[in-house]
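Every number here is computed from the coordinates shown, using simple stated rules; none is lab data. Please read all numbers here as calculations on a predicted model, not as lab measurements. Positions of Cβ are backbone-derived with ideal geometry, glycine not excepted, and every protein chain shown enters the neighbour counts.
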Amino acid sequence: MNASVIIFYIISALILGAGILAVTTRKIFRAAIFLLLSLVGIAALYFWMEVEFIAAVQIIIYVGGIVVLIIFSIFLTQKSGDEMPKPLRNRSVFSALSVLFGFAFTYNLIRTNRFAESSPGTFQVKVSDIGTQMLSTKEHGYVLPFEVVSILLLAAMIGCIVIAMKSKPAEAITES
């Protein structure tokens, strides 16, 4: 086992560990921080694969934009420090069965398929080619998903504003 494989396993453990902690923690702010760590781990995986532009986009868009937006919306709600309720027992059993099925399915795919070893080569893609492809309206262009993502971000910002503008409950006003 060489250093590259060890680095891959460390990055993968960071992504999986942070992802599991993000969905299992009962504090909503901690869940957002674990999501942040998971997304940083994905950016590290892109850096490890020598796709620096995509790693930078991962950090700028997801870590710098989406997670910060989520954290601000958590801070703007009235109960940002409260614990989330415990999940119901049947949901926990269903979650455990889903994870077990996922591991069995993945193991079956790995066992039945032959993975040929490929020569290690770096990607030879220029940033200008990526930009041209992103804004192309031709067959393999990504202008429509690009616009859908911008509408999704706009909807998320409007949702944060609506959550922040909700009035405080009547009992909180009378106590102060």
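Quick notes on this structure:
- When the alpha carbon coordinates of the stretch 17-115 are projected onto the principal axes, the ranges are 53, 43, 14 Å, largest first.
- Packing here is the average count of other Cβ atoms within 10 Å per residue, and on that basis the peptides 95-101, 5-11, 62-68, highest first, run 62-68, 5-11, 95-101.
- Contour minus Cα-Cα distance for Gln133 and Leu97 (0.36 nm per residue): 8.9 nm
- Database remark: amide H of Lys27 closer than 5 angstrom to the amide H of Met84 (H placed geometrically; neighbours at sequence offset of 5 or more, or on other chains; Pro and chain starts carry no H).
- Distances between placed amide hydrogens fall under 5 Å for Gly141 paired with no residue 5 or more residues away or on another chain.
- Which of Phe105, Leu45, Ala55, positive extreme of dipole for the chain (C-beta unit charges): Phe105
- Averaging the sequence gap over all C-alpha pairs within less than 8 Å and six or more residues apart, then dividing by the number of residues, gives the stretch 1-128 a relative contact order of 23 percent.
- Model label sites at His140 and Phe75, defined 7 Å from Cα along the beta-carbon direction, differ in position by 4.3 nm.
- Neighbour count of at most 11 Cβ within 10 Å plus DSSP loop: longest trypsin sites (Lys or Arg not before Pro)-free window in the chain: 1-78
- Peptide packing for 42-50, 150-158 was compared via the average number of neighbouring C-beta atoms within 10 Å per residue; ordered from the highest value, the list is 42-50, 150-158.
- Treating each Cα of the chain as one equal point scatterer and applying the Debye formula with no solvent, the log10 of I(q)/I(0) at q = 0.13 Å⁻¹ comes out as -1.00.
- Estimated FRET transfer efficiency when R0 is 45 angstrom, pair Lys126-Met84 (beta carbons, to 0.05): 0.50
- Helix runs (DSSP H) in the chain reaching 20 Å along axis by Cα, Kyte-Doolittle at least 1.0: 3-24, 28-48, 143-165
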